[in-house]
Amino acid sequence: MDNLLAPLEIAVAWIMYGCHQGLSAIGLPADSGWTWALSIVGLVIVIRIILIPLFVKQIHASRRMQLIQPEMQKIQKKYKGKTDPESRQAMTQETMDLYKRTGTNPFSSCLPILLQSPIFFALFRVLNNLSGIAHGTHAPIGPITQPVAAQAEASTLLGASLSDKFVGAQSASTQILTVVLIVLMSLTTFTTQRQLMMKNMPAAAMDNPFAKQQKVLLYVMPLFFAVSGINFPIGVLLYWLTTNLWSMGQQFYVIRRMPAPGSPAEKALEERRLKRGQEHKKFTIPGLHGDSSAPAVAEEPEKPRTGQRQQPKRKARKKPAPGQAAPSQAAPAEPSDAAVVDRDS
């Protein structure tokens, strides 16, 4: 684990140190805890900007996953209750074929979160080792040498050091600041998850297992923060809170501009565009069964013109039966009885 996180620790240390040097250059005190706190905020901004291309892929993957949910439910219903290996393999094969046919990658929606986790632990190790670096018991991490670590360790934010934790805190200010950060982290996480479920999920997707897991996480994650947050340094909690705020704002923008198909947010976007006289084009996957943009019956290709005038075809006429006059030479109709009586009179 040390060998895996060592390069990330150095990268995190350089970004945080670079942000600190930049803030000091514009006039902020180098030994202030606010300067070091803003350096952690700068670290979050740099990391999230780097992850924007992956975030865009995550959006498209999530929207495609929403569109293929009806097909996924059909496959699940088809093999419901079948536990034999052949059925399970066939179900997996059909699911993979659906992903391949629609160009959907379910793992793309998890990449930003998976990539942020090592960075989070790398920052945890950097802040956790500040005291050791400052006292010479731990080797420097990139630009975080002993003088730099001593300066960061001596700086305070509202009376607390960035490396202090709730557990084993020496002052009430550390405990109060830790509790405030944990509460804010819980609120931002709850708001982000609730915003996603209430506005950016179609009604048909609320019954699948993924939606049920989201409902559970909506209430479990704040409890997780409350239990685990007391063991994290204040600098890590600040990083976590800044990341949540970025995610909440980013998600608000995406829900408003690029909502999931069939969600309440998409209906609201369509209404806004119609009021402005703009055309609303729904996000579709060409070739997906049930997609209105893909015709159910293939149109017959138009025959090429040769430039020659096409002669009209002669219609077949029905030949009269023997002894029956042709339609153009039909015998006059017999006079009616009334005409005969009138003539005789």
Could you tell me which numbered condition residue 55 fails, if it satisfies all but one of (1) in contact (Cβ under 8 Å) with a residue 60 or more places away in the chain; (2) closer than 30 Å to residue 159 by Cα? (2)
Count of the range 116-133 residues which are closer than 13 Å to residue 151 by Cα and surrounded by 21 or more Cβ atoms within 10 Å (Cβ to Cβ): 3
Counting only helices (runs of 4 or more DSSP H) entirely within the range 93-162, those with at least 2 residues that are at pLDDT below 85, within 17 Å of residue 8 (Cβ to Cβ) and polar (S, T, N, Q) are 111-128
Here is a list of conditions, (1) under 16 Å from residue 43 (Cβ atoms); (2) touching a helix residue (DSSP H, G or I) at 6+ places or on another chain (Cβ under 9 Å), and residue 117 meets all of them except one; can you say which number that is? (2)
Within the range 120-132, residues touching a helix residue (DSSP H, G or I) at 6+ places or on another chain (Cβ under 7 Å) and more than 20 Å from residue 4 (Cα to Cα) come out as 131
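Yes/no matrix, rows are residues, columns are (1) farther than 28 Å from residue 250 by Cα; (2) under 30 Å from the mean Cα position of the chain (by Cα):
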site	(1), (2)
6	yes, no
19	no, yes
29	yes, no
35	no, no
41	no, yes
47	no, yes
51	no, yes
58	no, yes
Identify all residues within the range 231-260 that are touching a Lys or Arg at 6+ places or on another chain (Cβ under 6 Å) and either more than 30 Å from residue 173 (Cβ to Cβ) or assigned to a loop (DSSP other than H, G, I, E, B) (or both); write none if there are none. 233, 255, 260
Verdict on residue 11 being without any contact (Cβ under 8 Å) to a residue 40 or more places away in the chain and out of contact with any helix residue (DSSP H, G or I) (no Cβ under 6 Å at 6 or more places or on another chain): no
Selected residue [over 25 Å from residue 50 (Cβ atoms), under 27 Å from the mean Cα position of the chain (by Cα) and touching a residue at least 60 places away in the same chain (Cβ under 8 Å)] from 95, 102: 102
Take the conditions at pLDDT below 80, outside the structural domain of residue 123 (by TED's automatic domain parsing) and exposed (fewer than 13 other Cβ atoms within 10 Å of the Cβ) and apply them to residue 199. Does it pass? no
If residue 226 passes every condition in (1) at pLDDT below 80; (2) closer than 30 Å to residue 61 by Cα but one, which one does it miss? (2)
Identify, by number, the condition in (1) of a type outside the set (Val, Ile, Thr); (2) touching a residue at least 24 places away in the same chain (Cβ under 8 Å); (3) part of a helix (DSSP H, G or I) that residue 6 doesn't meet. (2)
Specify which of the listed residues (149, 169) is assigned by TED's automatic domain parsing to the domain that holds residue 261, buried (at least 16 other Cβ atoms within 10 Å of the Cβ), among the hydrophobic types (A, V, I, L, M, F, W, C) and without any contact (Cβ under 8 Å) to a residue 40 or more places away in the chain. 169
Hey, can you tell me all the residues within the range 23-77 that are in contact with a Ser or Thr (Cβ under 9 Å, 6 or more places away or on another chain) and among the charged types (D, E, K, R)? 31, 48, 57, 64, 71
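The values are calculated or read from the model by the stated rules, or taken from the named source; none is laboratory data. Fair warning: this is a prediction, and the values are worked out from it, not measured in the lab. Methodologically, a virtual Cβ is constructed for each residue, glycine included, from the backbone with ideal geometry; neighbour enumeration extends over all protein chains shown.
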